Each structure stands twice: as structure tokens, then as C-alpha cells.
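J.: Handing you this structure, nothing more for now.
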Amino acid sequence: MKILTPLRLAVALSAALTCAARADAVEDFYKGKTIYGLVGVSPGGEYDFQLRLVAKYLGKYIPGHPNIIAQNMTGATGMVMANYLYKVAPRDGTYIGLIQNGLPTSQAVGMEGVQFDASKYNWIGSIAPTVETMAVWKTTGVKTIEDAKKTEVIAGCVGSSGITLTYPVMLNDLLGTKFKMVMGYTGSGPLNIAMERGEVSARNNSWSSWNASKPDWVTNKDIEILVYSGPKPADLNGAPSLDELVKDPEDRQVVDVVTAGNGLGHPFAMPPGVPQERVEAIRKAFADMLNDPDFRKDAQAAKIDIEPVSAQALEKAALGAINASDKAKQRARKYFQ
């Protein structure tokens, strides 16, 4: 047994008292406060659902138990909200945003309108990584990537930037598919309605979003998954991975830039400049929330897998896009409108 000297004991006690004082200060700050949770897309999709799920449980684990209100701030595929969180939102710990995971790539390729630096957000955590897919409606007759190289298919996307646009445009460029893009849908919900109505016949979406928002489409084979990127889910059968199809090393670097959001999942972040003890308290609360039995029950009912992505992993994924080679970023840039 190691015996502490009086000096070491004093240092240890001082550190413990400092931590306790910080915890008390965080609790005192959040007691009676409201945290505003922002998401940059309209209601009806997985981003909106995940924000509201987190808002339901997160306050239980934050010292002081603040109320959390979920709000939609739409525009430019989440960029309006991301800019607001970075430049305008109070930096006191009362704002948290669910960032569109393609936005660090938007910054990396020099997308017009970016007013944030993704490396300076206070990343909080993500429920799980993302698996991106490209799906076509059952009436197209297209069942494989090879079919999509021979048949023009109208694909819809949210806004005029982001992964719902860049993913199919990248497939056109690197694999020779013939997706014809229709831009401007305000969110996943309206875009899904457009598929049902026959306005569009294809779209990019995450596998978890398909299972959460349209599980009947998956079960009934209303959609055909042509390709995916990211870790392969156990329940996604038959579709090839993009890594299997893209052989050229330089093309693979472009894929890595465009799909950097896979590692981010649906990432939560706070503005830069928030006091560190509050950031750490929110990070811990987020991690603790993911183990809440009721949270897990609600997530399971919505078919959301829980594979936690830490704040450090989120920062690494964002930097992976930002610090990619200039050549890869320049090539990826042409996929953005």
C-alpha cells in the first residue's frame, strides 16, 4: 500500500476540492436554465428525431438538470444553423447543435457560405457512426450499380449541397452512374414523400435513417440499395461497398473526403469558447445518457443502433476531411453546387 506524504496528500485533497468546486459551479449554472438544442433541417428525418430523443433524456444527466428545448433552424442543408452556433449563439453552455455530418467536408472543399471552423467546435458525442447508402425506387427496374450506369434515374436531394447531393454526383463521376439531380427539398420527410409520389426515383440516405423513418420500405423491398459506405450493418445484405467498387487510390482519397461524415454519425457540438468545465459536464452527461435503459428502449424502437462516438473521435473525423490533400479536396469540390 502506497502511503502519501503530507505534501502529496495536500495536493490530492486540493485537486479533489477543485473538482468538487467545478462540479458545484456547473450545477449552480445549469439549475433553472434552459438549453436550446438546434438542428439544421426540417422535422421528419433522422437528424430531427435524434435531436428530440437526446433532448428528452440529456437533462437528466446534466448537473442542475436544465430543461432542453429542441428547435429547427433550417437553411442551406444545415449550414445556417452551423454558422449560427459558431458565430452567434451564446458561448455559455446553453446552446448545443446537431451538426450535419457533411459540413466539415463543405469547409474542407471551400464551400461558399461556410462561416465556421469545424476544428474549433466543442464536439460532444454521437450516438453511432453513419452508413451512407444510395437507394432507388422499386419501379425503376434498377437493381444494381451496373443497371444505374445504363439507365438514367432522377434523384432528389435536400437543399443544394451536402451528402444527399454529393454522394450521387460522386457516383456519377467515379463509377459512371446516370443520376439526374433534382435539388431543393427542405428535409428528409419531404424528399421521401417525393419518392412516393414519383417526383424522384432515387436518393442518398443513411441506413439507420431508412430503418428509423421508413422501415416498411426496407421490409417490403420498395427500395433497392445499390451501394453503401461505412461499416457494413449486419442487416444490409447484397449491396456492395463503395470501397469495393472504387479501385484507383486517388479516387479513394476523394471518396474519403466526401464520406468523412460516416465517422461523425449525427454529431452534437457546442460553440467554441464555452467554459471547459461545462463542456466536460455535457460530454459526460451525453455518455451517461447513452446507457439509460429508457433511452436505449426508445432508440431500439426507432431502430437506432448505439455505438458511441467520442468527442475526440468526432474531432479526428472532422480533421480528416479538413487536412486531406489539396488535390483530393479540389476534385471533391466539383460535387458541390
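FYI, it's all coordinate maths here, none of it is from the lab. As the structure is a computational prediction, the values presented were derived from the model and not from experiment. Glycine gets a Cβ as well: all are built from the backbone with ideal geometry, and neighbour counts include every protein chain shown.
J.: So for the chain, what percent of the C-alpha to C-alpha distances run longer than 35 Å? Don't skip to the answer; put the middle values down first.
T.: Numbers: 13892 of 56616 pairs.
Above the 35 Å cut-off, the chain has 25 percent of its Cα pairs.
J.: Along the charge dipole of the chain, Cβ charges K/R +1 and D/E -1, which of 181, 133, 295 sits furthest on the positive end?
T.: Highest projection toward the positive end goes to 295.
J.: How big is the shadow of the Cα convex hull of the range 99-154, averaged over all directions, in nm²?
T.: Numbers: hull surface 25.7 nm².
Answer in nm², one decimal: 6.4.
J.: In whole angstrom, note down how far apart the Cα centers of the range 287-337 and the range 207-224 are.
T.: 21
J.: Let me ask something additional. Have a look at 330, 231, 268 and report the one farthest towards the positive end of the charge dipole of the range 222-337, computed about the Cα centre with Cβ charges (Lys/Arg +1, Asp/Glu -1).
T.: Farthest towards the positive end: 330.
J.: For the range 132-261, just list the percent of Cα-Cα distances falling in each 5 Å bin from zero outward, please.
T.: In order of increasing distance, the bins hold 2, 11, 23, 26, 23, 12, 3, 1 percent.
J.: Under a GNM of the chain (C-alpha, springs under 10 Å), which listed residue has the highest mean-square fluctuation: 193, 96, 304?
T.: Maximum among the listed residues: 193.
J.: Spelling out what I want: for every residue of the range 232-242, take phi, set θ = phi - 60°, compute 6.51 cos²θ - 1.76 cosθ + 1.60 (Karplus), and round to whole Hz; glycine and proline get x.
T.: 6, x, 5, 9, 9, 9, x, 5, x, 7, 5
J.: Using DSSP loop states and a limit of at most 10 other Cβ atoms within 10 Å to flag trypsin sites (Lys or Arg not before Pro), what is the longest stretch of the chain containing no flagged site? Please report the intermediate quantities before stating the final value.
T.: Details: sites that count: 2, 221, 247.
Here the longest run is 3-220.
J.: Between 0 and 90 degrees, rounded to the nearest ten: what's the tilt of helix 46-57 against the longest Cα principal axis of the chain?
T.: So the inclination is approximately 20 degrees.
J.: Treat each spin label as a single point 7 Å out from the Cα along the C-beta direction, and report the residue 303 to residue 199 distance in nm.
T.: 2.4
J.: Still on this structure, please answer the following. Quick check on the chain: helices-only [θ] at 222 nm, where DSSP H runs of length 4 and up contribute -39,500 (n - 2.57) each and the sum goes over total residues. Nearest 500, please. Could the numbers behind the result be given before it?
T.: Values: 16 runs with 154 residues, N = 337.
Dividing the helical sum by the residues of the chain leaves -13000 deg cm²/dmol.
J.: About its Cα centre, how strong a charge dipole does the range 132-261 have in debye, to the nearest 20, once Lys and Arg get +1 and Asp and Glu get -1 at the Cβ?
T.: Values: 13 positive and 17 negative charges, 68 e Å.
The dipole of the range 132-261 has a size of about 320 debye.
J.: Pick from 32, 162, 187: which residue has the top mean-square fluctuation in a GNM of the chain where Cα pairs under 10 Å get a spring?
T.: Greatest mean-square fluctuation among the candidates belongs to 32.
J.: Rounded to the nearest 20 Debye, what is the dipole magnitude of the range 184-307 about its Cα centre when Lys and Arg each give +1 and Asp and Glu each give -1 at the C-beta? Don't skip to the answer; put the middle values down first.
T.: Values: 13 positive and 20 negative charges, 46 e Å.
The calculation lands at about 220 debye.
J.: Which FRET efficiency, nearest 0.05, do residue 219 and residue 276 yield, Cβ-Cβ r, R0 51 Å? Could the numbers behind the result be given before it?
T.: Numbers: r = 46 Å, r/R0 = 0.90.
After rounding, the FRET efficiency stands at 0.65.
J.: Would you mind checking the radius of gyration and Dmax of the range 62-184 based on alpha-carbon positions, in Å?
T.: That works out to 18.0, 59 Å for Rg and Dmax.
J.: How big is the dipole moment of the chain about its Cα centre under a simple scheme where the beta carbon of each Lys and Arg is +1, that of each Asp and Glu is -1, and everything else is neutral? Debye, nearest 20, please. Write down the numbers at each step before the final one.
T.: Working: 36 positive and 35 negative charges, 74 e Å.
So the magnitude is around 360 debye.
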